[in-house]
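Colleague: Let me begin by handing over the structure; questions about it come next.
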2 protein chains.
Amino acid sequence: MKRITTEDVAKIAGVSQSTVSRVLNDYPYMKKNTRDKVLAVINELGFTRDEIARSLVEKRTKSIGLIIGSISNPFFAETAEAIIERAQELKYDVIIYNTGHKDENLEQAINLLIGKRVEGIILTSVSKNYTEKIKKLHDSGFPVLLYNSFLDIKDVNFIVMDNNKGARLAVQHLLKLGHKKIAKISGPSKYLATYERTIGYKQELRENGYEIDEDLIFNSEFSYDRIYSFTKKLLKKNDRPTAILAASDQMALAVLDAASSLNLKVPEDLSVVGFDNIRLAANEFIGLTTISQQMDHMSLTALEKLIYLIENKEASSSSIQVFLKPELIVRKTTGPAPIQA
Amino acid sequence: MKRITTEDVAKIAGVSQSTVSRVLNDYPYMKKNTRDKVLAVINELGFTRDEIARSLVEKRTKSIGLIIGSISNPFFAETAEAIIERAQELKYDVIIYNTGHKDENLEQAINLLIGKRVEGIILTSVSKNYTEKIKKLHDSGFPVLLYNSFLDIKDVNFIVMDNNKGARLAVQHLLKLGHKKIAKISGPSKYLATYERTIGYKQELRENGYEIDEDLIFNSEFSYDRIYSFTKKLLKKNDRPTAILAASDQMALAVLDAASSLNLKVPEDLSVVGFDNIRLAANEFIGLTTISQQMDHMSLTALEKLIYLIENKEASSSSIQVFLKPELIVRKTTGPAPIQA
DNA sequence: TTCGATTTTGAATACGTATTCAAAATCGAA
DNA sequence: TTCGATTTTGAATACGTATTCAAAATCGAA
């Protein structure tokens, strides 16, 4: 299966390789006759330009990398869809790397993508263990954008919601409903974004005169099973919480699952609040109360900022830092605290 | 930001470019001294090999394309995750294209991926309008594998469940529960996989002595909203169905949503069966009765077959055609037909 | 028809790597 | 020490494209 090259086309069309290349690139100064002849041969042979070779000479690949914790999590899946579709419109393609939330993979992912000469990377779920690595990458002038996460340093691009505020909104909502024992299912604290949510939760409670009960806080991997079993254990206790604030909608679903398996009614027996506002949350069958991340807006902005960074490298001296406002969306999984738990 | 090349490394290390290249490729016949010197410089400069240039000379890109209808659909998201993770282990990267179920995009996706010189493509949701195109691609020796879809021709690779059988299992289950009016929410009939499900549904009903009521069949785009509103209209009728068989779990969720908005209880008032067995279906809060596609198995097999095709091009004269057996998984969304609807 | 200006084309080269072929360096046995 | 065999290295080239630079072809006005 020999590849067909511009050289082959040229030979058959009786022109030079440069001429074929010019046709491919819509070079204006050409005789219509020549162009047509070349196009005919291209069509006949089914020639497709080798973008790899082209990338080499143009020093552009028109591809970007998307590093994701777990694409089966709807939050990431919806994010990926928005980013991919917009990228396609802009004629960029997207190489996805799924880290499974493992730090080692992050390092490998970045190296692989740089090797493949992607022109920029969108990075979700960056653990703070990688602050240095990211900073170095950014300082080298390579376009990186943190999505739904940030690092505690000045010079790095990110787009993130005010997670602290988001958690506070959720806690306020639950307190207003009369809940006094509110548990928090949190992601690993190495992710600053989820860490912030836990901080916000604690601050809001303290400011309202509540003690922090560390037994009500679970710092977990993003593992459905572990959250499920922790929640179950938690809810079996005599002094069980009457409300649970999960670090994501995905986690909230695991909580609902656990509650359901114990025949606890939501929201009569237990209130649940998620984070993200994935599409499924709006499903009336579920009706998850949650904190909206404005995902569509966030993902599209992320892509567009990244492309901006790619196409305006000179301007990249200043960093792009976008904060989004959280919004509480009340649905059916939260209600007044039960009279007695 | 000038790129660092093997040439640069060579100059500083005081060796030739070929020598640097040999170090990168673990060429055995080298003086330890030379190798160490080169490695030191590579490290110092932070050199990373340009895989684009390498691809050009090696005539291999080690990347594959994954064309997907809509990655925000959990069925595809879970599929993508499994495929991406396994591909990573095998040192392949994955370029994802999201068609939004639009035929035009399929054509563009294939051309783009071929241009990028992916070594093979996994194709989900192929409409039968593209039979010719796919066949031509396959016949040219390019590794293509249809996932969860097939075409009615001999020479093409696919992995697919027996969809007809799957639909029959679902209908059998519902008939056994006493349902007499079973609606079918189907995907577009241009997809043979979903089309087969509708055929199976009809056949099973006929063989059990029921007439086919075309008003109970909805051939829809994969649009949540349209399914939602169709179902709502359907369920408001006086002679409404007591059970609905959806063409996917995603669609089943829209059905549950509609039912919930009408205050219909599942399964007391309405039974719902999905297709796919996405993870969420097992959530006890939802407990969706569905037909399992053995997604993990299907996606891993797909990837491995594709890699096989890539790495054994000679052997590709025979096609790979895998059929999987459907399995009915009964959960909580199906129950006995209500005494009278 | 002629000649300067303009349009159109081709030869040569570069992009960054891997590999072939040959030469240089090293080794070991006598 | 010498010389054939072996190990190690470098120069040249190729992968498939885009582009520069210069030459060839064409045009239009006189």
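The values are calculated or read from the model by the stated rules, or taken from the named source; none is laboratory data. Just so you know, these numbers come straight off a predicted model, no measurement behind them. Every residue, glycine among them, receives a Cβ derived from its backbone with ideal geometry; neighbour counts consider all protein chains shown. Quick note on the areas: whole protein, heavy atoms, side chains included, nothing else; ligands and nucleic acids left out. Shrake-Rupley method; radii C 1.70, N 1.55, O 1.52, S 1.80 Å.
Colleague: Taking the Cα centre of chain A as origin and charging only Cβ (+1 Lys, Arg; -1 Asp, Glu), how large is the dipole, in debye to the nearest 20?
Modeller: With only Lys, Arg, Asp and Glu charged at Cβ, the dipole is about 400 debye.
Colleague: One-quarter of the Cα convex hull surface for segment A:6-49, in nm²?
Modeller: 2.6
Colleague: Now for a separate question. Over the protein assembly as shown, what percent of the accessible surface lies on carbon and sulfur atoms, probe 1.4 Å? Provide the component values of the computation, followed by the final result.
Modeller: Numbers: 14510 of 29540 Å².
Carbon and sulfur atoms account for 49 percent of the accessible area of the protein assembly as shown.
Colleague: Please report how far the C-alpha centroid of segment B:195-259 lies from that of segment A:27-60, rounded to the nearest whole angstrom.
Modeller: 49
Colleague: Label-to-label distances across copies for A:GLU107, with labels 7 Å out along Cα→Cβ, in nm, shortest first?
Modeller: List, nearest first: 4.8 nm.
Colleague: Right, another one. I want the antiparallel fraction of DSSP beta bridges within segment B:147-302, as a percent rounded to 5. Intermediate results must be reported in sequence, preceding the final value.
Modeller: Values: 0 of 15 bridges.
The answer is about 0 percent antiparallel.
Colleague: Could you tell me which residue out of B:TYR224, B:VAL272, B:ASN312 lies farthest along the dipole of segment B:194-320 toward its positive end? Charges go on the beta carbon: Lys and Arg +1, Asp and Glu -1, centred on the Cα centre.
Modeller: Among B:TYR224, B:VAL272, B:ASN312, the one farthest towards the positive end of the dipole of segment B:194-320 is B:TYR224.
Colleague: Taking the solvent-accessible surface of protein heavy atoms with a 1.4 Å probe, what is the per residue accessible area of chain B in Å²?
Modeller: On the way: 14770 Å² over 341 residues.
Result: 43 Å² per residue.
Colleague: Can you give the helix-only mean residue ellipticity at 222 nm for chain A, where every DSSP H stretch with n ≥ 4 adds -39500 (n - 2.57) and the sum goes over all residues, rounded to the nearest 500 deg cm²/dmol? Spell out each step's value before the answer.
Modeller: On the way: 12 runs with 149 residues, N = 341.
Value at 222 nm, helices only, nearest 500: -13500 deg cm²/dmol.
Colleague: Using a ≥ b ≥ c from the Cα gyration tensor of segment B:60-99 (square roots of the eigenvalues), is it rounded, prolate or oblate, where a/c under 1.5 gives rounded and otherwise the larger of a/b and b/c decides, a/b for prolate? The partial results should precede the final answer.
Modeller: On the way: a/c = 4.46, a/b = 1.59, b/c = 2.80.
Taking the square roots of the gyration eigenvalues as a ≥ b ≥ c, segment B:60-99 is oblate.
Colleague: Can you tell me the orientation of helix A:163-176 relative to chain A, as the angle in degrees between its alpha-carbon axis and the longest Cα principal axis, to the nearest 10?
Modeller: It works out to around 30 degrees.
Colleague: Here's a follow-up. In segment B:1-107, what chymotrypsin sites (Phe, Trp or Tyr not before Pro) fall in a loop by DSSP, with at most 15 other Cβ atoms inside 10 Å?
Modeller: Qualifying residues, ordered by number: B:TYR29.
Colleague: From other protein chains only, count the Cβ atoms within 10 Å of every residue's Cβ in B:318-324, then give the mean. If you can, show how the numbers build up before the last one.
Modeller: Working: counts 0, 0, 0, 0, 0, 0, 0.
Mean number of neighbouring Cβ atoms from other chains: 0.
Colleague: Still on this model: Counting only Cα atoms, I'd like the Rg/Rh figure for chain A, Kirkwood definition for Rh.
Modeller: Numbers: Rg = 25.7 Å, Rh = 22.6 Å.
On the Cα set of chain A, Rg over Rh gives 1.14.
Colleague: A further question follows. From the residues A:LEU177, A:ASN73, A:THR289, which one has its Cα farthest along the dipole of chain A in the positive direction, the dipole being from +1 and -1 charges on Cβ of Lys/Arg and Asp/Glu about the Cα centre?
Modeller: A:ASN73
Colleague: Taking Rh as the Kirkwood radius, which is the inverse of the mean 1/r over Cα pairs, what is the Rg/Rh value for segment B:150-285?
Modeller: That ratio is 0.96, to two decimals.
Colleague: Another one. If you place +1 on the Cβ of every Lys and Arg and -1 on the Cβ of every Asp and Glu, how big does the dipole about the Cα centre of segment A:1-78 come out, in debye to the nearest 20?
Modeller: Its charge dipole is roughly 340 debye.
Colleague: A further question on this structure: Counting DSSP beta bridges in chain B, what percent are antiparallel, to the nearest 5?
Modeller: So the antiparallel bridges in chain B amount to around 10 percent.
Colleague: Would you work out the charge dipole size for the protein assembly as shown about its Cα centre, treating the Cβ of every Lys and Arg as +1 and the Cβ of every Asp and Glu as -1, and quote it to the nearest 20 debye?
Modeller: Taking the Cα centre of the protein assembly as shown as origin, the dipole is about 700 debye.
Colleague: Now, a different point. Can you pull out the buried accessible area for chains B and A, both sides counted, probe 1.4 Å, rounded to the nearest 100 Å²?
Modeller: Using a 1.4 Å probe, the pair buries roughly 4800 Å².
Colleague: While we're here: Rounded to the nearest 0.05, what FRET efficiency is calculated for A:LYS313 and B:ASN208 with R0 set to 60 Å and r the Cβ-Cβ distance?
Modeller: After rounding to 0.05, the efficiency reads 0.35.
Colleague: Right, here's the next one. Considering only DSSP beta bridges where both residues belong to the protein assembly as shown, give the percentage that are antiparallel (nearest 5).
Modeller: 15
Colleague: Moving on to the next point. Taking N as the number of residues in the protein assembly as shown, what is its alpha-carbon radius of gyration divided by 2.2 N^0.38 Å? Walk me through the numbers on the way to the answer.
Modeller: Numbers: Rg = 27.7 Å, N = 682, 2.2 N^0.38 = 26.3 Å.
For the protein assembly as shown, the normalised Cα radius of gyration is 1.05.
Colleague: Using only atoms on other chains, find how many Cβ atoms lie within 10 Å of each Cβ of peptide A:113-120 and report the average.
Modeller: On the way: counts 2, 5, 7, 10, 7, 1, 0, 0.
Whole-number average of other-chain Cβ neighbours for A:113-120 is 4.
Colleague: Still on this structure: Given the options A:MET30, A:LEU45, A:VAL20, identify the residue whose Cα lies farthest towards the positive end of the charge dipole of segment A:6-49 (+1 on Cβ of Lys, Arg; -1 on Cβ of Asp, Glu).
Modeller: Result: A:MET30.
Colleague: Follow-up question, since we're still on this one. Of B:VAL118, B:VAL255, B:VAL23, which is the most mobile in a GNM of chain B whose springs link Cα atoms less than 10 angstrom apart?
Modeller: Looking only at B:VAL118, B:VAL255, B:VAL23, the biggest GNM fluctuation is shown by B:VAL23.
Colleague: With an 8 Å cut-off on Cα pairs and a minimum separation of 6 or more residues, tell me the relative contact order of chain B in percent.
Modeller: Answer for chain B is 16 percent.
Colleague: Mind checking segment A:198-255 for trypsin sites (Lys or Arg not before Pro) that DSSP puts in a loop (not H, G, I, E or B) and that have at most 16 other Cβ atoms within 10 Å?
Modeller: For trypsin sites (Lys or Arg not before Pro) across segment A:198-255 that sit outside H, G, I, E and B with at most 16 neighbouring Cβ atoms in 10 Å, the list reads A:LYS237.
Colleague: Continuing with the same structure: Shortest first and in nm with one decimal, please list how far the A:LYS2 label point sits from its counterparts in the other copies (point 7 Å along Cα→Cβ).
Modeller: Those separations, rounded to one decimal, come out as 3.9 nm.
Colleague: Okay, moving on. Which of the three applies to segment B:13-80, rounded, prolate or oblate, going by the alpha-carbon gyration tensor with a ≥ b ≥ c and a/c under 1.5 meaning rounded?
Modeller: Since a/c reaches 1.5 and a/b is larger than b/c, the shape of segment B:13-80 is classed as prolate.
Colleague: Turning to a different aspect of this structure: Note every residue of segment B:20-65 with a reduction of at least 40 square angstrom in accessible area, all protein chains present versus the isolated chain, computed with a 1.4 Å probe, or write none.
Modeller: B:THR48, B:GLU51, B:ILE52, B:LEU56
Colleague: In segment B:94-187, what trypsin sites (Lys or Arg not before Pro) fall in a loop by DSSP, with at most 14 other Cβ atoms inside 10 Å?
Modeller: Working: sites: B:LYS102, B:LYS116, B:ARG117, B:LYS128, B:LYS133, B:LYS135, B:LYS136, B:LYS154, B:LYS165, B:ARG168, B:LYS176, B:LYS180, B:LYS181, B:LYS184; in loops: B:LYS102, B:LYS116, B:ARG117, B:LYS154, B:LYS180, B:LYS181.
Listed in order of number, the matching sites are B:LYS102, B:LYS154, B:LYS180.
Colleague: Another question, then. Give me the inter-chain shielding for A:171-179: mean count of other chain Cβ atoms within 10 Å, whole number please.
Modeller: Rounded to a whole number, the mean comes out at 0.
Colleague: Another question, then. Name the residues of segment A:276-297 whose accessible area, probed at 1.4 Å, falls by at least 30 Å² once all protein chains are in place instead of their chain on its own?
Modeller: Buried by the other chains: A:LEU280, A:ASN283, A:GLU284, A:PHE285, A:ILE286.
Colleague: Cα to Cα, under 23 Å, and not fewer than 8 places away if on the same chain: which lysines meet these conditions relative to A:LYS32?
Modeller: Here the lysines satisfying the reach criterion relative to A:LYS32 are A:LYS11.
Colleague: Here's something else I'd like to know. For segment B:1-105, what's the relative contact order in percent, using C-alpha pairs closer than 8 Å and at least 6 residues apart?
Modeller: The normalised contact order for segment B:1-105 reaches 23 percent.
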